[in-house]
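See structure below.
What follows draws every value from the coordinates through simple rules; no lab data is involved. Please read all numbers here as calculations on a predicted model, not as lab measurements. Cβ sites come from the backbone with ideal geometry, for glycine too, and all protein chains shown count toward neighbours.
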Amino acid sequence: MDSRIKGLLSNISKGDIDALGELYDITAERIFNYAHVILRNKEFAEDVTHDVFLQIHQQAFRVAKVSNPMGYIMIMVRNRAYNQTRVERRKSLSLYEVPETYVNEQLDDRIMLETALSKLPAVQREAIYLHLICGYTHKETAAIVNAPVVTIKWRYGNAIKKLKELMKQDDS
């Protein structure tokens, strides 16, 4: 996937707007979800996603040269999102928007999981998202968030432990 993204970035740097659209199609959901995990606000996450794609359009040649372009893009998302939190200092109601297609059982499980996740510190939610949802290794996550691998493993382990405790409490 990284070679495909590099090719698209190279084409974007040459002015190919269709390549930017294709890059958007394959990465926007991941970018939005990561911003949403950090910001906990749909509108702010949409703003960050928009800003990141503008930045990608302006800096496509530079981004195409890095060894892990998607990791670099995720760093851009993280930086923009944390800048947004510094400016806004607001909290939202939920971590994710719940699709209407979920049946009641799945909806109840998702609400219980959202509630448990919202009780975790932001750095632990971030570790969960990058590792479980995006599939990054702890080493890749550490590079994205600029923290030691040991710290990421600790955050992830503690987050999982807290989630288990919170889910048990909710079942009771």
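Counting 0.36 nm for each residue step from Ile111 to Gln169 and taking away their Cα separation leaves a gain of 19.5 nm.
Each peptide among 30-36, 138-144, 118-124 gets the average number of other Cβ atoms lying within 10 Å of its residues, and from highest to lowest they stand as 30-36, 138-144, 118-124.
Along the stretch 121-134 the Karplus relation, 6.51 cos²θ - 1.76 cosθ + 1.60 evaluated at θ = phi - 60°, assigns HN-Hα couplings of x, 4, 5, 6, 4, 4, 4, 4, 4, 5, 7, 7, 7, 7 Hz to successive residues, with x for each Gly and Pro. Between His50 and Ile133, the contour length at 0.36 nm per residue exceeds the Cα-Cα span by 27.8 nm. Here the calculated FRET efficiency for Thr151 and Asp25, from their Cβ-Cβ distance with R0 = 30 Å, stands at 0.30, rounded to the nearest 0.05.
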